């Protein structure tokens, strides 16, 4: 089994999977050929605005009889599903149709086998690859990780002997645990990627912005915020995109406008990206500056009121504290 490559699923690869699925290939066939889960393929097709065509193959009576006999003889349904591409519900339906009793055959899992699966997961093998090789669902993998998680973390080659450092799964650099975000079942209780690499993965998934495009955009702005021309704060850069194109938070990649600091990004967001509202705010600030009242340059009526506070409320005198502030 090969290790997971975060840069494998590029936008071009996803579009290739979508086109292949719409042209007639089933998600199961593509999953076996390209080592990607059929759930991911279905999600990519759904995000493209299309639907996965229902192409149920016409199985012959002899084929159904063969699958039913194999299932009754002891072959587990998940193995038949992998070898013949038949849905597990169809297998159960055929077994019952030929007058047999369908008995789910789950191989008993020993403690040694469970530990082996957990060690494989922490060595970099994905749950999808584990399912294809051993027939173990991702739910069982997660449950066994919680069972033997601490022992697997100690055995992991990604964690240092003293448990204070960890190797990033993406950049392959040994770093202190503080450079990794917290995670419940991660090695050392942290994510497999360091924080900078995690930001790169987030940009790719959310904004379709690869590291080269991000660097090019940052250099075009001179390394400063596109609005205030200042360096970002501790929170780092905010990728601004046109919400009229992609209003749900994620970007298609074509509507990315620039890199902003947190203050400018929140500011234009609170003003709803409306140019008329922004222009009105500019006019408001200019009007305040032009008509600003400063001490020593107040109108005569206002100075007379301040000199005699009792005139503000008629004959009723104000409290001492109010007189002091006036």
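With the radius of gyration and the Kirkwood radius both derived from the Cα set of the range 208-290, what is their ratio Rg to Rh?
1.02
Taking R0 as 35 Å, what's the FRET efficiency between residue 285 and residue 245 from their Cβ-Cβ distance, rounded to 0.05?
The pair residue 285/residue 245 has a calculated efficiency of 0.75.
Which peptide among 67-74, 254-261 comes first, and what is the full order, when sorted by highest mean count of other Cβ atoms within 10 Å?
254-261, 67-74
Subtracting the Cα-Cα distance from 0.36 nm times the residue separation, let me have the gained length for residue 183 to residue 109 in nm, one decimal.
Gain on extension, residue 183 to residue 109, equals 24.0 nm.
If you count, for each residue, the other Cβ atoms within 10 Å and average over each peptide, how do 224-236, 131-143 line up from highest to lowest?
Peptide ranking by packing, descending: 131-143, 224-236.
Could you tell me the distance between the Cα centroids of the range 162-201 and the range 233-285, to the nearest Å?
31 Å
Given a Förster distance of 25 Å, report the FRET efficiency between residue 88 and residue 50 from their Cβ-Cβ distance, rounded to the nearest 0.05.
0.45
Can you compute the FRET efficiency between residue 12 and residue 96 using 1/(1 + (r/R0)^6), with r the Cβ-Cβ distance and R0 = 56 Å? Round to the nearest 0.05.
Efficiency at R0 = 56 Å is approximately 0.80.
Take each of the peptides 242-250, 114-122, average the number of other beta-carbon atoms within 10 Å over its residues, and list them starting from the highest.
114-122, 242-250
Throughout, read-outs are computed from the coordinates displayed, never taken from laboratory work. Just so we're clear, the structure is a prediction, and the values are computed from it rather than from any experiment. So basically every Cβ, Gly included, is an ideal-geometry build from the backbone, and we count neighbours across all protein chains shown.
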